Amino acid sequence: EAEQRERIMRRKLKKTFRVFMDKVMNHISEQQTRTQWEFEEPAADLGFMAVPLRESTFCAPTTNCLVSLTVQPPFVLPLDDIERVHFERVDFSLRNFDMVFIPKDYTKPVVNIKTIDMNCLQSIKDWLLNCELIFTEGAINLNWKKVMKVIVDDPEQFTADGGWNFLKPEDDDGNNAT
């Protein structure tokens with residue numbers, strides 16, 4: 001029954017998305033060409049449940065974004081704006097982990113997506129590799145507001161200290177692993 005309900009929901013979502021695309025395309029003026037507008041369909045098979053804003057929802061990647069279109073407001077994260085991704089609370093004794101998207105513009109806040117099922121970790125890593133995004137993982141949550149403030153306040157020192165190397169996991173001797 002649950003699988004049948006999910007199939008019905010996916011068909012409704014696809015139909016709703018296509019109706020939305022048609023409405024947008026019908027409102028585009030004659031001067032604008034269709035090449036200025038590009039719609040991407042979310043890859044539902046790569047999707048996962050998570051909390052990108054305030055509530056748990058289905059998130060799915062597209063070619064250029066990570067989206068959740070079933071809640072209001074919709075969540076859309078363009079990957080062109082992202083420098084790297086860091087996975088937090090990656091401990092296989094836990095059931096969930098968090099994913100932090102670090103923007104290229106360090107003055108902007110990071111985007112934190114919480115409570116992702118640990119079973120989705122490898123498929124998300126594969127997707128990020130396919131998107132050519134750098135990612136790291138760690139066992140603890142960081143205070144990203146403070147981290148980004150330190151970087152913005154003294155970018156030269158951040159670079160001199162090894163940049164993002166502090167996100168790399170440490171080996172058993174306490175040294176950063178390569």
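Here are a few things to note about the model shown:
- Taking amide H as placed 1.01 Å from N in the peptide plane, the amide H of Asn96 sits under 5 Å from that of Met118, each at least 5 places away or on another chain.
- Candidates Glu38, Glu55, Glu137, ranked by Gaussian network fluctuation over the chain, Cα under 10 Å, top entry: Glu38
- Exposure check, 1.4 Å probe, all protein chains in place: Trp164 carries approximately 20 Å² of accessible surface.
- Each Cα pair under 8 Å and six or more residues apart adds its separation to the average, and for segment 63-149 the resulting relative contact order is 28 percent.
- About its Cα centre, the chain has a charge dipole of approximately 1100 debye under the convention of +1 per Lys or Arg Cβ and -1 per Asp or Glu Cβ, with nothing else charged.
- Leu66 long-range amide H proximity, modeled H, under 5 Å: Leu77, Leu79
- Among (i) -0.44, -1.13; (ii) -0.65, -1.19; (iii) -0.58, -1.17, the entry that matches log10 I(q)/I(0) by the Debye sum over Cα atoms at q = 0.11, 0.17 Å⁻¹ as calculated here: (iii)
- For the chain, the longest principal axis of the alpha carbon atoms and the long axis of helix 121-130 meet at an angle near 80°.
- In degrees, nearest ten, helix 2-27 long axis to first principal axis of the chain (Cα): 70 degrees
- Taking 28 Å as the straight-line reach from the Cα of Lys104, the lysines in range (excluding those fewer than 8 positions away in the same chain) are Lys114, Lys125, Lys145, Lys146, Lys149, Lys168.
- Basic side chains Lys and Arg get +1 at the Cβ, acidic Asp and Glu get -1 at the Cβ, and with that the dipole of segment 60-135 about its Cα centre reaches some 160 debye.
- GNM result for the chain, Cα springs below 10 Å: residue of Ile113, Ile82, Ile151 fluctuating most strongly: Ile151
- Annotation: lysines with alpha-carbon distance below 23 angstrom to Lys23 (same-chain offsets under eight excluded): Lys12, Lys14, Lys15.
The values are calculated or read from the model by the stated rules, or taken from the named source; none is laboratory data. This structure is a prediction, so every number in the text was calculated from the model and none was measured. Positions of Cβ are generated from backbone atoms using ideal geometry, with glycine treated the same way; all protein chains shown enter the neighbour counts. Heads up: the accessible areas ignore ligands, DNA and RNA and are worked out on the full protein's heavy atoms, side chains in. Shrake-Rupley method; radii C 1.70, N 1.55, O 1.52, S 1.80 Å.
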